[in-house]
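The block underneath contains the structure these notes are about, expressed in structure tokens.
The values are calculated or read from the model by the stated rules, or taken from the named source; none is laboratory data. Predicted, not measured: the structure shown is a model, and the values here were computed from it. Cβ coordinates were reconstructed from backbone atoms using ideal geometry, including for glycine residues, and neighbour counts include every protein chain displayed.
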Ligand SMILES: Cc1cc2nc3c(=O)[nH]c(=O)nc-3n(C[C@H](O)[C@H](O)[C@H](O)COP(=O)(O)O)c2cc1C
């Protein structure tokens with residue numbers, strides 16, 4: 001890649017207004033070879049992705065599915081599918097964010113669009129098997145010179161420019177004790193890259209606790225009140241689990257870039273949890 005991961009994370013932003021310029025063949029080849037090798041996420045689920053041309057029915061699918069994403073001018077999409085399984089959405093978030101950062105490196109714009117796409121025009125292009133789901137897609141292309149009015153409106157409504165402060169999301173030993181820079185140590189940058197991650201409606205549901213004794217970072221999902229209900233009438237996906245996978249991707253890729261060795265492990269420390277909070281995974285340094 002031409003850029004460092006930390007640069008790509010800082011460069012990426014959700015883009016909903018495209019110039020319509022066709023992506024050059026050599027870039028299409030690079031994208032196709034990137035997605036040709038399906039990789040497995042940290043929880044063992046693999047996802048497959050396709051790069052496809054945009055059709056009129058895709059844009060109406062997006063509106064029907066309430067993706068609040070009024071995408072204009074995009075000529076192509078990336079669609080992905082994952083088999084239903086435990087931690088499938090976390091792995092999907094992790095794998096698709098890696099792809100999005102790669103597209104950013106190629107100078108292309110994207111926008112995570114989360115919904116249940118299984119009955120949409122996108123599903124036909126994926127030849128879905130019965131046990132697969134399409135939890136999110138992204139347009140991919142060159143950004144227009146300026147964001148469209150609706151794009152700007154969505155950004156303002158979601159507060160997309162803003163992020164929570166570190167002391168609201170990173171803790172020491174237990175929730176409510178903010179992690180200091182000194183305690184974060186070499187992991188200050190991987191944590192900062194989590195803080196800058198995109199999340200559905202910019203809700204930023206990730207919480208991380210550093211366990212000093214074991215030199216471990218425990219990742220938690222703090223659900224936004226009323227944001228998701230199982231069996232919702234729209235069959236909406238649990239997008240905040242995708243957000244967790246995106247956060248893991250930023251953390252791990254940044255740690256790798258800094259030469260910090262570690263691995264993901266399911267080792268719940270049993271810390272007292274605030275409401276709507278659940279343990280996801282830990283990074284063992
Ligand atoms: C899992 C996920 C689903 C998203 N779904 C949508 C969507 O349906 N429509 C949309 O316009 N933006 C969607 N977004 C984009 C977020 O609104 C955006 O990432 C957030 O506001 C932060 O802005 P930024 O990406 O420019 O940093 C989604 C983002 C994520 C991570």
If you scan region 120-137, which residues turn out to be within 13 Å of the ligand (Cβ to nearest atom) and either over 20 Å from the mean Cα position of the chain (by Cα) or without any contact (Cβ under 8 Å) to a residue 24 or more places away in the chain (or both)? 120
Taking the conditions exactly as written (assigned by TED's automatic domain parsing to the domain that holds residue 274 and either within 16 Å of the ligand (Cβ to nearest atom) or under 19 Å from residue 9 (Cα atoms) (or both)), does residue 172 satisfy them or not? no
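Can you spot a residue in region 187-196 that is within 12 Å of the ligand (Cβ to nearest atom), at pLDDT 95 or above and within 15 Å of the chain's Cα centre (by Cα)? Steps first, please.
Taking region 187-196 first, the residues within 12 Å of the ligand (Cβ to nearest atom) are 195-196.
Then drop every residue that is not at pLDDT 95 or above, which leaves 195-196.
Checking which are within 15 Å of the chain's Cα centre (by Cα) leaves us with 195-196.
Yes: one or more hits.
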Residue check, residue 237 in contact with a strand residue (DSSP E or B) (Cβ under 7 Å, 6 or more places away or on another chain), within 27 Å of residue 75 (Cβ to Cβ) and touching a residue at least 40 places away in the same chain (Cβ under 8 Å): yes
Take region 90-111 and flag every residue that is in contact with a helix residue (DSSP H, G or I) (Cβ under 7 Å, 6 or more places away or on another chain) and either assigned to a loop (DSSP other than H, G, I, E, B) or within 25 Å of residue 264 (Cα to Cα) (or both). 90, 91, 92, 93, 94, 97, 98, 99, 101, 102, 106
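Just for region 42-59: of the residues that are part of a helix (DSSP H, G or I) and touching a residue at least 12 places away in the same chain (Cβ under 8 Å), which one is surrounded by the most Cβ atoms within 10 Å (Cβ to Cβ)? Working first, answer last.
So the first thing to find is which residues in region 42-59 are part of a helix (DSSP H, G or I), and the list is 56-59.
Going one step further and asking which of them are touching a residue at least 12 places away in the same chain (Cβ under 8 Å), we end up with 57-59.
Numbers: 57: 13, 58: 22, 59: 17.
This residue is 58.
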Name the pairs whose Cβ atoms lie under 9 Å apart, with the first residue in region 138-161 and within 24 Å of residue 79 (Cβ to Cβ), the second in a helix (DSSP H, G or I) and more than 12 Å from the ligand (Cβ to nearest atom), and 6 or more positions between them or separate chains? 138/99; 138/103; 139/58; 140/31; 140/103
Within region 85-95, does at least one residue satisfy the condition of being more than 11 Å from the ligand (Cβ to nearest atom), modelled with pLDDT of 95 or more and over 16 Å from the mean Cα position of the chain (by Cα)? yes
Identify all residues within region 23-41 that are under 29 Å from residue 152 (Cα atoms), in a loop (DSSP other than H, G, I, E, B) and touching a helix residue (DSSP H, G or I) at 6+ places or on another chain (Cβ under 9 Å); write none if there are none. 23
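One line per residue, one yes/no per condition, for (1) more than 24 Å from residue 135 (Cα to Cα); (2) touching a strand residue (DSSP E or B) at 6+ places or on another chain (Cβ under 6 Å); (3) more than 15 Å from the ligand (Cβ to nearest atom):
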residue	(1), (2), (3)
9	no, no, no
13	no, no, no
20	yes, no, yes
28	no, no, yes
34	no, no, yes
37	no, no, yes
41	no, no, no
54	no, yes, yes
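Quick test for you: out of 171, 175, 117, pick the one residue that is touching a strand residue (DSSP E or B) at 6+ places or on another chain (Cβ under 8 Å) and without any contact (Cβ under 8 Å) to a residue 40 or more places away in the chain. Can you show your working first?
Numbers: 175 fails: without any contact (Cβ under 8 Å) to a residue 40 or more places away in the chain; 117 fails: without any contact (Cβ under 8 Å) to a residue 40 or more places away in the chain.
Of the residues listed, the single one that is touching a strand residue (DSSP E or B) at 6+ places or on another chain (Cβ under 8 Å) and without any contact (Cβ under 8 Å) to a residue 40 or more places away in the chain is 171.
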Would it be correct to say that residue 146 is closer than 25 Å to residue 205 by Cβ and either within 11 Å of the ligand (Cβ to nearest atom) or more than 14 Å from the chain's Cα centre (by Cα) (or both)? no
Take the residues of region 149-159 that are surrounded by fewer than 18 Cβ atoms within 10 Å (Cβ to Cβ) and assigned to a helix (DSSP H, G or I): which is nearest to the ligand (Cβ to nearest atom)? 158
